[in-house]
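Peer 1: Okay, handing you the structure first.
Every number in this text was worked out from the coordinates using simple rules, so none of it is lab data. These numbers come from a predicted model, not from an experiment. Cβ placement follows ideal geometry from the backbone for every residue including glycine, while neighbour counts extend to all protein chains displayed.
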Amino acid sequence: MSPTTHTPDTPDTPSGRRPPSMLRRPAGRRPVPTRTRLRTRRIPLLAYIAILLVLPVAVLVTARAAGWWVTSGHVLPATALGAPDAGGGSGEGSGEGSGDGGANATIGSPHDIKGSMTVQQVLDAFPAVTAADVYQQFGVAADTPASTQLKQLARDGNGYEVSDLREWIETQT
Amino acid sequence: MTTTDERPPAATVPRRSSTTARRIRLARYSVQAAVIGIIGWQIFQAFTADGSGPEGLCPFGGFETMWTWITTGRTVRHVHPANLALAAAVLAMAVAGRGFFCGWICPFGAIQGAIHKTTSMVVDRIPPLRRWRRRAHRVTARPGGLARRLDGIFRYGRWLVLVWALGGAAMTGVMVFRDVDPWAALISVAEFEFSLAFTVLLVVLVLSLFVRRPFCRYACPLGAVQGLVAKISPVAIQRDAASCLGCDLCNQACPMNIPVNQRTRVTDSTCLGCLECVLACPSDQALGVSVGLPLPALRVPANDRD
Ligand code: SF4
């Protein structure tokens, strides 16, 4: 049914100019009855929306205060969480906030390597691998700083991807 | 025992203010735009090699790692503590507002909604397309028709995806859903790859032209989680028959095709909490959000107001 089936209740309200304040039920229409066995109470719509918008913010602020807000895009190391030497397995102090270059991420296996990690992190995790090896794989200059992110190497290099590096390191370890 | 509200329907009912509806809709679009802006910024930062990417901003990662985290204290790959925090926030919202996250915050839902809305606006302005849409609607909306039946069957897809995604992650320690996750493909545009996930993303975006929120309807595991959790929610949209005009506008407004005007309380697991039905309802007191508690002896009329 279209909304035009509602006719203004007050004759002094010209239809089409000012919306009617009351609506007349369309003839012959009987809505499905409502059935409930609950005690119900209406919530003002705006209050409901405000509460629902504040709620997630409150949860996230609490999480942040507890040191859980880590979006650093670096592996929350599967092998590090719960490990005594993991350095913040629960997230405390491990890369609070974003964009820290993954300085505190731990690499448990070649699968944990991410593009946002630096060459130095890979070298630290896999002593058998040298910086020269990594640069050679990516096809970038040998004097590239070890603080460079792997995804930057992938971008600057010869088409070699971080996933290729993972596979290569697996063969080396 | 179920109690029927016996009050006779009123001959006339107060009209809902369209200004309020417009403002609430604007607020919803603004929230969605802000969330998309934050995610877009994260993607940009990831692209410029300084940032972390928006992967840490997906609540479903928190659910995928939940089992591993509870049983071993570890998380699966690609998951950060922020994912767990977001999962907790979504759980809290599901208890307090059912699918509110989907309707008001989820950026992927917002993108699908925006595509469909834009298409509708274009079709509205082109008479041949309008006629074609009317014809298509007559076929797809036929009760008991093939389209309706298929829609009902495909909706079980969400539960299958949920079981597969959570079960797979729990058993293998890998986010199995990630390979087909269109959202993962969208946030990885900076590292573009023509993957299976990207194909799914394309399919969802194309389907959004014709179907409202196709991914939310048929495949979203996060929506399914919320649908489950919402079973314990005391909050729901409630209809009062005494003020209802039986006009059907709420049904037409619902992006998930819930027959709102046949419900007393909209407790369907697919409800997005977008409030579109409430905003579309011309009667001021017919639809609203209410808290319902199982206290039969203390039942008060559905349109009880402060
Ligand atoms: S929009 Fe739905 S709830 Fe509101 S008056 Fe029409 S049928 Fe009743």
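Peer 1: Determine the sum of side-chain charges near B:Val266: Lys and Arg each +1, Asp and Glu each -1, restricted to other residues whose C-beta is under 10 angstrom from that of B:Val266.
Peer 2: Summing Lys and Arg as +1 and Asp and Glu as -1 gives +3.
Peer 1: Ranked from highest to lowest mean number of other Cβ atoms within 10 Å per residue, what is the order of the peptides B:201-211, A:27-37, B:137-147?
Peer 2: The packing order, highest mean first, is B:201-211, A:27-37, B:137-147.
Peer 1: Also, I was wondering about something else. Top mean-square fluctuation among B:Ile232, B:Ile258, B:Ile111, Gaussian network model of chain B, C-alpha springs under 10 Å?
Peer 2: B:Ile232
Peer 1: Among all the lysines, which ones have a C-alpha under 28 Å from A:Lys151's C-alpha, if same-chain residues fewer than 8 places away are not counted?
Peer 2: A:Lys114
Peer 1: Taking amide H atoms as placed 1.01 Å from N in the peptide plane, list the residues 5 or more away in sequence, or in a different chain, whose amide H sits under 5 Å from that of B:Arg15.
Peer 2: A:Met22, A:Leu23, B:Asp284
Peer 1: Let me ask another. Show that you can apply the helix-only estimate: for chain B, add -39,500 (n - 2.57) for every DSSP H stretch of four or more residues, divide by all residues, and state [θ] at 222 nm to the nearest 500.
Peer 2: -16500 deg cm²/dmol
Peer 1: Considering every residue in B:68-78, what mean count of other chain Cβ atoms within 10 Å of its Cβ is obtained?
Peer 2: Mean shielding by partner chains, rounded to a whole number: 4.
Peer 1: Among the complete DSSP H segments of chain B, which ones combine at least 30 Å of alpha-carbon extent along their axis with a mean Kyte-Doolittle hydropathy of -0.5 or more?
Peer 2: Membrane-span-like by this rule: B:18-47.
Peer 1: Separate question: Using a ≥ b ≥ c from the Cα gyration tensor of the stretch B:225-300 (square roots of the eigenvalues), is it rounded, prolate or oblate, where a/c under 1.5 gives rounded and otherwise the larger of a/b and b/c decides, a/b for prolate?
Peer 2: Oblate.
Peer 1: Still on this structure, please answer the following. Counting partner chain Cβ atoms within 10 Å of every residue's Cβ in A:145-154, what's the average?
Peer 2: 1
Peer 1: Also, quick follow-up: Taking a ≥ b ≥ c as the square roots of the eigenvalues of the Cα gyration tensor of the stretch B:170-278, is the shape rounded (a/c under 1.5), prolate (a/b larger than b/c) or oblate?
Peer 2: Oblate is the answer for the stretch B:170-278, as a/c is 1.5 or above yet b/c matches or exceeds a/b.
Peer 1: Averaged across B:241-251, how many Cβ atoms of other chains sit within 10 Å of each residue's Cβ atom?
Peer 2: 5
Peer 1: If packing is taken as the average number of other Cβ atoms within 10 Å across a peptide's residues, how do A:151-160, B:151-160 rank, most packed first?
Peer 2: Per-residue Cβ counts within 10 Å, averaged per peptide and sorted highest first, yield A:151-160, B:151-160.
Peer 1: Another one. In debye, nearest 20, what is the charge dipole magnitude of chain B about its Cα centre with +1 on Lys and Arg Cβ and -1 on Asp and Glu Cβ, if you could check?
Peer 2: For this selection, approximately 1260 debye.
Peer 1: Could you order peptides B:273-283, B:125-135 by the average number of other Cβ atoms within 10 Å of their residues, highest first?
Peer 2: Descending mean neighbour count gives B:273-283, B:125-135.
Peer 1: Then there's this: Rounded if a/c is under 1.5, else prolate if a/b is larger than b/c, else oblate: which is the stretch B:116-233, with a ≥ b ≥ c the root eigenvalues of its Cα gyration tensor?
Peer 2: oblate
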